[in-house]
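Q: Here it is, the structure, as structure tokens.
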Amino acid sequence: PLLRADVVTIFPDYLAPLRLSLIGRAIETGLVGLDVHDLRTWTHDRHRTVDDTPYGGGAGMVMRPEPWGAALDALVPPEAEATTRVVVPTPSGRRFTQAVAAELAAEEHLVFACGRYEGIDTRVMAEAATRVRVDEISIGDYVLNGGEAAVLVILEAVVRLLPGVIGNPASLTEESHAAEHDGLLEGPVYTKPTSWRGLDVPPVLLSGNHGAIAAWRREQALEHTRRVRPDLAPAALDGVDGVA
Ligand code: 6GU
């Protein structure tokens, strides 16, 4: 496979959607290898305990280090350390962007460590980071109950970048956040019919004038980005109404 991914979680069923659609097909065709592991596999007590109360007090529970240490030992043996990246989804990580997706798509082996409760004992990733690359990643400034939904998001963004996963690679560059578009958001799109419920397709799109169409789309993308995401692509927005 081009990319192998291991996911460790206490809710393996949460990752079932990865077997659907585009990622599912990439797995079926062998482009991607995916293994989902139950963290409790690496517990040894009768109750398969994975969490405990936080030292120093406070609300919630913290995931104990022993099962995580054993899981990472099993999934990242010494000979795999140099070619593996451990990804820890956490709201306190660096922000996931299209550039981070491209970085991860260039790896050969990703191990996702899904925390629940108030997180994983800090010593787990401190120790792991002495022998393998560890990357704490947040998908946005909001709180999820665990990393599982973030892994669905991250893997969808990563797998679609792998060569051969998307039928028409042009659709990879003709979309929002593509570097070729200066990080602008995509503007409006239309298909048939030319008139629908009194709303007409802009005539320039029917003109056959490819230069005029490209210029119009650029203008629409600039205006839309300025309105909804003025923080994006400030250089490209210079001179557009309302931005200094
Ligand atoms: Cl990656 N994980 C969790 N648990 N919460 C989040 C997140 C990740 N990104 C934003 N909130």
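Q: How do the pairs read when you match residues in region 137-165 that are under 16 Å from Glu108 (Cα atoms) and of a type in the set (Val, Ile, Thr) with residues anywhere that are modelled with pLDDT under 95 and not in a loop (DSSP other than H, G, I, E, B), using Cβ under 6 Å and keeping only pairs 6 or more apart or on different chains?
A: Val159/Ile23
Q: Quick one: which residue in Pro230, Pro188, Pro193 is in contact (Cβ under 8 Å) with a residue 24 or more places away in the chain, out of contact with any His (no Cβ under 7 Å at 6 or more places or on another chain), surrounded by fewer than 16 Cβ atoms within 10 Å (Cβ to Cβ) and assigned to a loop (DSSP other than H, G, I, E, B)?
A: Pro188 is the lone residue from the list that is in contact (Cβ under 8 Å) with a residue 24 or more places away in the chain, out of contact with any His (no Cβ under 7 Å at 6 or more places or on another chain), surrounded by fewer than 16 Cβ atoms within 10 Å (Cβ to Cβ) and assigned to a loop (DSSP other than H, G, I, E, B).
Q: Here's a follow-up. So, in region 71-101, how many residues would count as being of a type outside the set (S, T, N, Q), touching a helix residue (DSSP H, G or I) at 6+ places or on another chain (Cβ under 8 Å) and surrounded by 13 or more Cβ atoms within 10 Å (Cβ to Cβ)?
A: 11
Q: May I pose another question? Answer yes if at least one residue in region 203-217 is closer than 20 Å to Thr97 by Cβ and either touching a Leu at 6+ places or on another chain (Cβ under 8 Å) or modelled with pLDDT of 95 or more (or both), and no otherwise.
A: Checking region 203-217: not a single residue is closer than 20 Å to Thr97 by Cβ and either touching a Leu at 6+ places or on another chain (Cβ under 8 Å) or modelled with pLDDT of 95 or more (or both).
Q: Of the residues Gly167, Gly146, only one is buried (at least 16 other Cβ atoms within 10 Å of the Cβ) and part of a loop (DSSP other than H, G, I, E, B); which?
A: One residue alone meets the criteria, Gly146.
Q: Can you tell me how many residues within region 95-145 are within 13 Å of the ligand (Cβ to nearest atom) and either modelled with pLDDT under 95 or more than 19 Å from Pro1 (Cβ to Cβ) (or both)?
A: 23
Q: Could you say which residue among Trp68, Trp42 is within 16 Å of the ligand (Cβ to nearest atom), crowded, with 18+ Cβ neighbours inside 10 Å and closer than 28 Å to Glu118 by Cβ?
A: Trp68
Q: Which one of the conditions (1) within 16 Å of the ligand (Cβ to nearest atom); (2) at pLDDT 95 or above; (3) in a loop (DSSP other than H, G, I, E, B); (4) closer than 30 Å to Arg226 by Cβ does Leu161 fail to meet, given that it meets all the rest?
A: (1)
Q: Then there's this: Pick out the one residue from Arg133, Arg160 that is surrounded by 13 or more Cβ atoms within 10 Å (Cβ to Cβ) and touching a strand residue (DSSP E or B) at 6+ places or on another chain (Cβ under 6 Å).
A: Of the residues listed, the single one that is surrounded by 13 or more Cβ atoms within 10 Å (Cβ to Cβ) and touching a strand residue (DSSP E or B) at 6+ places or on another chain (Cβ under 6 Å) is Arg133.
Q: Would you mention how many residues in region 80-91 are within 11 Å of the ligand (Cβ to nearest atom) and either among the acidic types (Asp, Glu) or at pLDDT below 95 (or both)?
A: Qualifying residue count, region 80-91: 0.
The values are calculated or read from the model by the stated rules, or taken from the named source; none is laboratory data. Bear in mind the structure is a predicted one, so any value in this text is a computation, not a measurement. Positions of Cβ are generated from backbone atoms using ideal geometry, with glycine treated the same way; all protein chains shown enter the neighbour counts.
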